[in-house]
Amino acid sequence: MKNENDDDSDMYEEYDDASVPSSQESLRFENFDVGLDECKVFNDPIHGHILLHPLLVKIIDTPQFQRLRSVKQLGATYFVYPGGSHNRFEHCIGVSYLAEKLTRMLQNKQKNLNITEKDILCVAMAGLCHDLGHGPFSHLFDGMFLPQVVKDCTWHHEKGSCVMLEHLIEENNLRPHLAKYDIDDDDVIFVKEMIAGPLEESNLNGASWPYLGRGEEKSFLYEIVSNERNKVDVDKWDYFARDCHHLGIRNSFDHNRFMQFIKVLRVEGERLQICARDKECFNLYEMFHTRSALHKRAYRHKVASAIELMITKAFVIADPHIRIPGANDKQCRMSECIHDPVAFTKLNDNIFDIILHSTVLEMKPAQEILKRIQKRELYKCIGVIRQATLDMKTSEIPTKIVEFDDSNILKEEDVIAKSIKINYGMRDQNPIDSFRFFSKANPTKPYHMRRDDVSNMLPSIFEDQEIEVYCIDNSKMDLASKCFQNWSDASELKVTHGHMSCDRLTPMKRSGTKSGIEITKKKKLYI
């Protein structure tokens, strides 16, 4: 039943004993009980009704977390897929739920792991807060915008999440609430380490174990939210299911089934690791195939990439003229907000509209770019270099293409080249080579499964590299396409032309007749 005193009663409800499965009827946290009336139930379109601990609800009900309602999960992909309108807010809640679910399943299956209720709460906290540091349009902010405006930029959203978590705790006076559930400073460090890996201060101890929050006996807990060893983690499980649901793309990976066949085992010569039954190996390949398919069909869609380039350019132009109030009334540029959590709390996708409707004269060039997006006057892809084996920097490609324009009409600034890598999450490596399995006959001995032992139809190459080339000025599209074609022919590159007809991309059929049917060359028009 809904709590009439909740300001956000449409988002979560008070727990109703009759409406939640019996598996969730009792929650104990160390030496105290958490009454079910203190928990909240979130109705999620992916995972159904989610029961969340009151401390997690306290975190959710802060301006720093609520900010994620205005940060699109898929960034500019929403401009291509109208269904991709979901935000980091609901994704983080979903990751928290899966993190808690998996940890509790391990606790119930393997008592010898000594997983405490506090461990479970910390893991759920890490899942909830792992994306607090995402900027406007998610990965566009730290992956495309910041490197152009911040010299030698090393900031990334995981680092930002740790800063924002600390700020969230202090700004909302959550220390007493943390203490109520026995969460101390070491536990907060543990949460940060699960989000961003070993913290800088952990390198000072000189020990082989790089973490401070938990000892080596709890090493497997660091693989649940963000798994750097083999990339199999609940963060991916949620966004695969959530993104596929909203994009209308089939998700062939079943995380609920996979969790049923997970066990923590000690790998010879290494620490405790999360392993899975051998029969789930193909399911894991399906997981990574889903990842690459999502990148190919949605995240790296050429129109989405064009719009990302346009938004990035608008942000770069507008950055010196934007002022966002930060700590002590300091006025910050958009790029400076990463150093000021007060200002960062106010930074989200709405910066698009702030630039678009600004009265600052210097913003006009950026506004013109954003207006082109609204009018669908987008940059156009003139070609894709299928094998990124060029002996030159991507930034040098426009210069090479312009050299083939004898009319001197095409300028270097009219062409943009963007490098794209689609892989299984570990560059050109197979992440499943770093995963261990166990068999029904020998459930305590983890081993590595060779790809050939799973199927002969599995991939042997795990990274696809492309360079996409775009023309900014639509009036020069034909000229840019011809110059690109001439340059790629001269360079003997394997390419796909995005704008022009190209005979050599399709099979050559001999002229003549067969069974009375004329056979000719077949042309294909790429748009």
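The values are calculated or read from the model by the stated rules, or taken from the named source; none is laboratory data. Note that the structure is predicted; figures quoted are calculated from it, not measured. Heads up, the Cβs are rebuilt from the backbone with ideal geometry, glycines too, and the neighbour counts pull from every protein chain shown. The area values use the complete protein model at the heavy-atom level, side chains included, leaving out ligands, DNA and RNA. Shrake-Rupley method; radii C 1.70, N 1.55, O 1.52, S 1.80 Å.
Among the conditions (1) within 24 Å of the chain's Cα centre (by Cα); (2) open to solvent by 20 Å² or more (accessible area, probe 1.4 Å); (3) under 30 Å from ALA304 (Cα atoms), SER434 misses just one, which is (3).
The listed residues are LEU132, LEU128, and the only one of them that is within 16 Å of LYS58 (Cβ to Cβ), outside any helix (DSSP H, G or I), in contact (Cβ under 8 Å) with a residue 40 or more places away in the chain and not charged (D, E, K, R) turns out to be LEU132. Residues in region 424-456 that are in a loop (DSSP other than H, G, I, E, B) and either within 16 Å of GLY269 (Cα to Cα) or among the charged types (D, E, K, R) (or both): ARG427, ASP428, PHE435, ARG436, LYS440, THR444, LYS445, PRO446, HIS448, ARG450.
Scanning region 71-106 for residues being of a type outside the set (Lys, Arg), part of a helix (DSSP H, G or I) and open to solvent by 30 Å² or more (accessible area, probe 1.4 Å) gives a total of 6. Exactly one residue out of ARG250, ARG271, ARG297 is touching a Ser or Thr at 6+ places or on another chain (Cβ under 9 Å), open to solvent by 40 Å² or more (accessible area, probe 1.4 Å) and closer than 21 Å to LYS236 by Cβ, and it is ARG250.
Any chance region 243-252 includes a residue that's at positive phi, within 21 Å of the chain's Cα centre (by Cα) and touching a residue at least 40 places away in the same chain (Cβ under 8 Å)? Yes - at least one qualifying residue is present in region 243-252.
Every residue in region 343-369 that is open to solvent by less than 90 Å² (accessible area, probe 1.4 Å) and within 24 Å of the chain's Cα centre (by Cα), please. So that I can check it myself, show each step before the final result.
Restricting attention to region 343-369, the residues satisfying the condition of being open to solvent by less than 90 Å² (accessible area, probe 1.4 Å) are 343-345, 347-353, 355-356, 358, 360, 363, 365-369.
Once the filter is applied, which keeps residues that are open to solvent by less than 90 Å² (accessible area, probe 1.4 Å) and within 24 Å of the chain's Cα centre (by Cα), region 343-369 yields ALA343, PHE344, THR345, LEU347, ASN348, ASP349, ASN350, ILE351, PHE352, ASP353.
Restricting to region 385-423, and then to whatever is hydrophobic (A, V, I, L, M, F, W, C), modelled with pLDDT of 95 or more and in a loop (DSSP other than H, G, I, E, B), can you tell me which residue is surrounded by the most Cβ atoms within 10 Å (Cβ to Cβ)? Checking each candidate, the answer is LEU410. Filtering region 257-272 to residues that are part of a helix (DSSP H, G or I) and closer than 16 Å to MET449 by Cα leaves nothing. Looking at ASP238 and the list (1) open to solvent by less than 40 Å² (accessible area, probe 1.4 Å); (2) outside any helix (DSSP H, G or I), which single condition is not satisfied? Going through the list (1) open to solvent by less than 40 Å² (accessible area, probe 1.4 Å); (2) outside any helix (DSSP H, G or I), ASP238 breaks only (2). Residue check: is ILE195 assigned to a helix (DSSP H, G or I), among the β-branched types (Val, Ile, Thr) and under 26 Å from ASN423 (Cβ atoms)? When the stated conditions are applied, ILE195 passes them. Select from region 151-175 the residues that are surrounded by fewer than 16 Cβ atoms within 10 Å (Cβ to Cβ) and either on the phi < 0 side of the Ramachandran plot or part of a helix (DSSP H, G or I) (or both) and list them in ascending order. Within region 151-175, LYS151, CYS153, THR154, HIS156, GLU166, GLU170, GLU171, ARG175 meet the criteria. Taken together, ASP340, ASP329 contain a single residue that is open to solvent by 10 Å² or more (accessible area, probe 1.4 Å) and in contact with a strand residue (DSSP E or B) (Cβ under 7 Å, 6 or more places away or on another chain), which is ASP340.
Might you check whether a residue that is in contact (Cβ under 8 Å) with a residue 60 or more places away in the chain, of a type in the set (A, V, I, L, M, F, W, C) and surrounded by fewer than 15 Cβ atoms within 10 Å (Cβ to Cβ) occurs anywhere in region 461-483? The answer is no; no qualifying residue exists. Of everything in region 441-467 that is modelled with pLDDT of 90 or more and of a type in the set (Ser, Thr, Tyr), the residue that is farthest from GLY425 (Cα to Cα) is THR444. No other residue among GLU193, GLU216 is touching a Phe, Trp or Tyr at 6+ places or on another chain (Cβ under 7 Å), surrounded by fewer than 19 Cβ atoms within 10 Å (Cβ to Cβ) and in contact (Cβ under 8 Å) with a residue 12 or more places away in the chain apart from GLU216.
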